[in-house]
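Working notes for the structure below.
Values in this text are rule-based calculations from the coordinates and carry no lab data. Model, not experiment: these values are computed from the prediction. Please note: Cβ atoms are built from the backbone with ideal geometry, for glycine as well, and neighbour counts cover all protein chains shown.
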Amino acid sequence: MSNAQLKHCISGTSPKATDEGARVGRLRYLREVSLFQDLRSNDLALAAIADLMQERSYAPGTRIIEEGTQNSEMYFLISGSASVFKNTPEGEPFKVAIIEASLASTERAFFGESSLIDDEMRSATLLSETECHCLVLTRQSFEQLSREHPQWALPLFRSLTSLVLSRLRKTNTDLSLLYRALISEIRG
């Protein structure tokens, strides 16, 4: 199924789509997100999570997330691409990555996951490069799931923790490489 077909199936915007068709599309999509790997065979859990999500579309050039602001939403990119910017010490935006919803990718793109855990300010700005279609999970909905179905929330917390630790390890490796490169440059 192409990203465009998946988008229509999830959002129910296809003339033939029904509410049930949209739900099936969401379930199919969520099964492809690594965050839900421990729940892939649990249709009831995935359906409950899908029902908690909102659908949103962003025109090209729209700020989805802004660095330094508070936001309690996690985004799952169904289609489109977005650029990730960090502000330099001078306050200038610097592009650090591009996130794409790619059918060829074995991993479905998502971002903003830390907002499900804490109230810290956003660490980067995300700007839609193309029209972006997202499923959005709010912290309030995630907390509701945690209260009502802790057996489903625990695997998600584990996956989130694993993701954060993996990114921390990568950051530590990158910092070490940068340090070595800087020392090498200074020593000539």
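Which shape class, rounded, prolate or oblate, goes with the range 66-154 when its Cα gyration tensor gives a ≥ b ≥ c as root eigenvalues, a/c under 1.5 marks rounded, and past that a/b bigger than b/c marks prolate?
Details: a/c = 2.67, a/b = 1.34, b/c = 2.00.
Because a/c hits 1.5 or more and a/b fails to exceed b/c, the range 66-154 counts as oblate.
Using only alpha carbon pairs under 8 Å that are at least six residues apart, calculate the relative contact order of the range 3-187 and give it in whole percent.
On the way: 301 pairs, mean separation 46.5, N = 185.
Taking the mean separation of contacting Cα pairs over the length of the range 3-187, I get 25 percent.
How would 66, 92 line up from fewest to most surrounding beta-carbon atoms within 10 angstrom?
Working: 66 15, 92 9.
Lowest count first: 92, 66.
Find out how many positive minus negative residues lie around residue 181, taking Lys and Arg as positive, Asp and Glu as negative, among other residues whose Cβ is under 12 Å from that of residue 181.
Numbers: positive: 180, 187; negative: 174, 185.
With Lys, Arg at +1 and Asp, Glu at -1, the net is 0.
Could you compute the FRET efficiency for residue 173 and residue 55, with r as their C-beta to C-beta distance and R0 at 35 Å, rounded to 0.05?
On the way: r = 37 Å, r/R0 = 1.04.
With a Förster radius of 35 Å, E is 0.45.
Please determine, in degrees from 0 to 90 and to the nearest 10, the orientation of helix 150-187 with respect to the longest principal axis defined by the Cα atoms of the chain, where the helix direction is its Cα long axis.
20 degrees
Could you work out how far helix 19-31 tilts from the main Cα principal axis of the chain, as a 0 to 90 degree angle to the nearest 10?
On a 0 to 90 degree scale, this one is about 40.
Run the dipole for the chain about the Cα centre, Lys and Arg Cβ at +1, Asp and Glu Cβ at -1, nothing else charged, and hand back the magnitude in debye, nearest 20.
Numbers: 21 positive and 24 negative charges, 101 e Å.
Here the chain has a charge dipole of around 480 debye.
Taking only Cα atoms, what is the 0 to 90° angle, nearest 10, from helix 139-148's long axis to the longest principal axis of the chain?
The angle comes out near 60 degrees.
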